[in-house]
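This report refers to the structure that appears directly beneath it.
The values are calculated or read from the model by the stated rules, or taken from the named source; none is laboratory data. Note that the coordinates shown come from a computational prediction; the quantities given were computed from them, not determined experimentally. When we count neighbours, we look across all protein chains shown, and the Cβ atoms used for this are built from the backbone with ideal geometry, even at glycine. Ligands, DNA and RNA are excluded from the accessible area calculation, which covers all protein heavy atoms including side chains. Shrake-Rupley method; radii C 1.70, N 1.55, O 1.52, S 1.80 Å.
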Amino acid sequence: MIEVLISGASIAGNALAAGLARAGCAVTVVERAPALRPGGYAIDIRGVALEVADRMGVSDGARQWSTDTEGTSFVDAAGRRIATLPLGFGVLDPADIEIMKGDLSRVLHQAVPAGVEWIFGDSVAELDQRGGRVAVRLERGGRREFDYVVGCDGIHSRVRTLAFPGDHLHHLGSNSAVFTAPNELGVRRWQLIHTMPGRVMSVKTDRGSREVKVTLLYGGGMPPRDRAERVRSIEAAFAGAGWVGPRLLELMRGAPDLYVAPNAQVRMPGWTAGRVALVGDAGYAPSALTGQGTGMALVGAYLLARHIASGGELGEYDREMHDFVKVNQRAALGAARGFAPKSELAARMMSLSIRMLPYLPGRNLMFATMTRPARRAASALILPTAMGQPV
Ligand SMILES: Cc1cc2nc3c(=O)[nH]c(=O)nc-3n(C[C@H](O)[C@H](O)[C@H](O)COP(=O)(O)OP(=O)(O)OC[C@H]3O[C@@H](n4cnc5c(N)ncnc54)[C@H](O)[C@@H]3O)c2cc1C
């Protein structure tokens, strides 16, 4: 039986564990957190990733837990809704599944057959490839051997650090902060967005929840590690913000789940080194700015599972993913430059054009062009070739 160690139990890790275990491999998953991580922020399954979710049998489960958002409104500094885009007008497509990360992780986890070994609260410390096997030392002292080791451990991947020398992380000049807050605005099945020069604030509801997810997007270098410093840097970035900015900052200070992440890409020429491979953000994070990272993790897990389970050449996975990764990562670069207006004048122009959107002829097409640049094309790229027939 082929023995595989997966590092990380989120989107890529659970999807890969499901694919490999169903194909008859002996799977061990090691996750640094003490349990599956709940909560998180809204992520998307769209394009070719919807096909993967269907083939895995998880799309119904994911839909059941989707955020159920019906549209988005842009608000000005006084809180007036300056434009409203219902579902299907580009920002959200009715076919896509938008779901909180913790919910998708749980849906995927439930799709993993019994018999998989789960090790929580530990991490790979050393990797050594010899004699067609990979020797692993875990931080808590265990020594094991596997046929393959796969890093599904996110943008700061330990497996990548151990098996792929070099610095592959590229910061795109902005960061995202996310936290849960009470729904003081009384929003229902909706998202509110306020853009200002260099900054964006958004409030989004989740299915059945009395709370909202707040996302703050702001320019700057790598976020500091220390929480107090992080909070201070966000306060500085949003100083003078209109709308409910001051209240959101106050709520952020006390938020137990405040999560701050760099908008960064992992760029590598390939994602396999002998019997070690990377899937998802660990190998090809496109950044939060694309809305594609989850789909890429699902597609990558699906394709790699087939190669490992068939005892095939892992290099084939590199070839299949190459163009898909490249196009998706390129799509983020435009978003990185234009995630927020640069000046007060640009912000005013942006408000004006947003306000005009609902009245313009051909607006469906325009919304689609504006908000879904390369995502669909990128999603479709590898569908007919690499994915082949359902398994
Ligand atoms: C603020 C924000 C907003 C986003 N919005 C979207 C969006 O709208 N749409 C979208 O598709 N994507 C979005 N993304 C990106 C998306 O979250 C990722 O692309 C996706 O979660 C990748 O999944 P993954 O399993 O590869 O990595 P992750 O979800 O990062 O999971 C990595 C797992 O590995 C574990 N781990 C880490 N280190 C170790 C270790 N040393 N040993 C063992 N385990 C370890 C972690 O605990 C975690 O469970 C967003 C990201 C952020 C930060």
Checklist entry - If you go through the stretch 132-149 one residue at a time, do you hit one that is open to solvent by 30 Å² or more (accessible area, probe 1.4 Å), closer than 30 Å to VAL244 by Cα and not in a loop (DSSP other than H, G, I, E, B)? => result no
Checklist entry - Quick one: MET100 ticks every box in (1) within 26 Å of THR294 (Cβ to Cβ); (2) out of contact with any Lys or Arg (no Cβ under 8 Å at 6 or more places or on another chain); (3) within 15 Å of the ligand (Cβ to nearest atom) bar one, so which box is it? => result (2)
Checklist entry - Since PRO113 meets every condition but one in (1) of a type outside the set (S, T, N, Q); (2) in contact with a Leu (Cβ under 7 Å, 6 or more places away or on another chain); (3) away from the ligand (no atom under 15 Å from the Cβ), which condition does it not meet? => result (2)
Item to check | Lone qualifier among GLY173, GLY208, GLY154 - being at pLDDT below 95 and either touching a helix residue (DSSP H, G or I) at 6+ places or on another chain (Cβ under 7 Å) or in a strand (DSSP E or B) (or both) | outcome: GLY173
Checklist entry - Within the set of pairs 6 or more residues apart or between chains, which connect a residue that is without any contact (Cβ under 8 Å) to a residue 60 or more places away in the chain and near the ligand (Cβ under 9 Å from one of its atoms) inside the stretch 154-177 to a residue that is in a strand (DSSP E or B) and not β-branched (Val, Ile, Thr) with Cβ atoms less than 8 Å apart? => result HIS156/LEU169
Item to check | Subset of the stretch 276-295 that is over 19 Å from HIS171 (Cβ atoms) and in a helix (DSSP H, G or I) - its residue that is nearest to the ligand (Cβ to nearest atom) | outcome: THR294
Next on the checklist: Whether any residue in the stretch 303-314 is modelled with pLDDT under 75, of a type outside the set (Asp, Glu), in a helix (DSSP H, G or I) and over 22 Å from HIS170 (Cβ atoms) is what I want to check.
Outcome noted: no
Checklist entry - ASP257: among the charged types (D, E, K, R) and without any contact (Cβ under 8 Å) to a residue 40 or more places away in the chain, yes or no? => result no
Item to check | Options THR195, THR205: the member that is buried (at least 21 other Cβ atoms within 10 Å of the Cβ), over 24 Å from SER105 (Cβ atoms) and of a type in the set (Val, Ile, Thr) | outcome: THR195
Item to check | Residue within the stretch 62-74 that is of a type in the set (Gly, Ala, Ser), within 30 Å of LEU314 (Cβ to Cβ) and within 13 Å of the ligand (Cβ to nearest atom) present | outcome: yes
Checklist outcome for this item: Selection from the stretch 239-270 of residues assigned to a loop (DSSP other than H, G, I, E, B) and either under 29 Å from ASN14 (Cβ atoms) or within 16 Å of the ligand (Cβ to nearest atom) (or both) yields ALA255, PRO256, ASP257, LEU258, ARG267, MET268, PRO269, GLY270
Item to check | Top-ranked residue in the stretch 85-119 [being open to solvent by less than 60 Å² (accessible area, probe 1.4 Å) and part of a strand (DSSP E or B); ranked as nearest to ARG46 (Cα to Cα)] | outcome: ILE97
Checklist entry - Can you pull out the residues in the stretch 317-362 that are at pLDDT below 65 and in contact with a Leu (Cβ under 6 Å, 6 or more places away or on another chain)? => result none
Next on the checklist: Quick test for you: out of ALA336, ALA301, ALA273, pick the one residue that is more than 14 Å from the ligand (Cβ to nearest atom) and small (Gly, Ala, Ser).
Outcome noted: ALA273
Item to check | Residues located in the stretch 1-37, provided they are more than 12 Å from HIS109 (Cβ to Cβ), near the ligand (Cβ under 8 Å from one of its atoms) and polar (S, T, N, Q) | outcome: SER7
